[in-house]
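The values are calculated or read from the model by the stated rules, or taken from the named source; none is laboratory data. Bear in mind that the values here come from a model prediction, so they are computed numbers and not experimental data. Cβ atoms come from the backbone with ideal geometry, glycine included; neighbour counts cover every protein chain shown.
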Amino acid sequence: MLKGHLDMIVLAALSSGPAHGYAVIQEIQRRSGGAFELPEGTIYPALHRLEQAGLLSSHWTTAESGRQRRVYSLTKRGTRALSDQRVVWQRFTDAISGLLGQPGHAKARSGR
Amino acid sequence: MPKPGPVADYLGRLTREFSFDPPLASRVCQEVEDHLCEAAAAMGDSSIEAQGRAIRDFGDARDIASQYAPLSLLRQARRSGAIIVVASGALYLSMKGRIAWYGLMQWALSDNLQAVGKIVLAIDRSAYILAFLLGAVGWAYISTRRVSPRFDAGCRAQLRLGLLLAIAATCAMLVSVIADTVVTALRIVEERPPVFVSLIPLLSIAVEVAFAAVLVTALGKALRSTLRASSLLSS
């Protein structure tokens, strides 16, 4: 299930600013509270795919260690795609919460 | 190049798995090297054990390559499709230019060549139309495929169909170019016109041959990459 949402997760991790692959993984782990256990290498093909789709741009920089490092950032299209996916995801979670009979939803429905 | 050790070994494995796209392999290896060194350093040291753990967390080299393969191979197939469409346009202009030149020079086919010329030109026209149609359909097909996140059976089937259409279009285009070359050579040999008169037909044939060569090279590269990826990543 996580793999189906990988692109959205990567876009969300980059919403706070440009980052290289390792930093994107750190950001995903930090913001998800370490909930997602995914082979770290899976992030790189996703970054490449999103870049080819025009949702990310990237450039090489030199890290303090002297190694070459590729830094990714959201493009305008990427920012729009993330906003759209947020809306879709919100609808989905609302619908699932309603189906599962979340207390908040049950109260709201009986109060109508 | 990293120092000999687990990271260097892993990057070597990754390069081999990426033999379907060497330029991509070089870029990915640079990124992965940075990642593994940083991950090992974040574990407190860069010992062989830390490097090994970073590699385990990163995942299997073949699995990583198989996630890059669909986009890389689809891009190569799309490039071949685009070249077929552009080459079709160039061939059309070249043929029309040659015919206009023959008209301008009042250079009609001699009676000896009429019969052969009719047959070869009919083959040429049919082959050209077939090449254009197959190329356009193939390009439209491969350009509208969604990039699969995995190099699975569905992705391989899409690439196979796209490349088969491209091969058929290329064969038809080669027939058309050969037919053009034969008719032009017969005209020049039979009539022996002054050099400046035969220069335009010869140049137009050279353009057609050049486009055919570019197409065969691009398609050959896409085919080799797809076969390599299929044999490496499917085993």
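Data for the structure
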quantity: In the stretch B:145-183, the residues that are of a type outside the set (S, T, N, Q) and within 14 Å of chain A (Cβ to nearest Cβ); calculated: B:Arg145, B:Arg146, B:Val147, B:Pro149, B:Arg150, B:Phe151, B:Asp152, B:Cys155
quantity: Considering residues of the stretch B:167-182 that are of a type in the set (Val, Ile, Thr) and surrounded by fewer than 22 Cβ atoms within 10 Å (Cβ to Cβ) only, the residue farthest from B:Phe20 (Cα to Cα); calculated: B:Val182
quantity: Residue match in the stretch A:70-88 (condition: at pLDDT below 90 and not aromatic (Phe, Trp, Tyr)); calculated: no
quantity: Subset tally (residues that are touching a residue at least 24 places away in the same chain (Cβ under 8 Å) and part of a helix (DSSP H, G or I)) for the stretch B:141-157; calculated: 5
quantity: Residue in the stretch B:68-77 that is within 30 Å of B:Gly44 (Cβ to Cβ) and among the basic types (Lys, Arg) present; calculated: no
quantity: Residue within the stretch A:3-11 that is in a loop (DSSP other than H, G, I, E, B) and out of contact with any His (no Cβ under 6 Å at 6 or more places or on another chain) present; calculated: no
quantity: Qualifying residues in the stretch B:133-166 (those that are over 30 Å from A:Ala46 (Cβ atoms) and touching a Gly at 6+ places or on another chain (Cβ under 9 Å)) - the one surrounded by the most Cβ atoms within 10 Å (Cβ to Cβ); calculated: B:Gly135
quantity: Hits in the stretch B:34-59 (condition: within 37 Å of the chain's Cα centre (by Cα) and on the phi > 0 side of the Ramachandran plot); calculated: B:Gly59
quantity: Extreme residue, modelled with the highest pLDDT, among residues of the stretch A:30-50 that are surrounded by fewer than 18 Cβ atoms within 10 Å (Cβ to Cβ) and within 11 Å of chain B (Cβ to nearest Cβ); calculated: A:Pro39
quantity: Residue match in the stretch B:222-235 (condition: surrounded by fewer than 14 Cβ atoms within 10 Å (Cβ to Cβ) and basic (Lys, Arg)); calculated: yes
quantity: Condition check for B:Ala42: more than 18 Å from A:His20 (Cα to Cα) and of a type in the set (A, V, I, L, M); calculated: no
quantity: Residue match in the stretch B:55-64 (condition: touching a residue at least 60 places away in the same chain (Cβ under 8 Å) and either crowded, with 20+ Cβ neighbours inside 10 Å or over 12 Å from A:Tyr44 (Cβ atoms) (or both)); calculated: yes
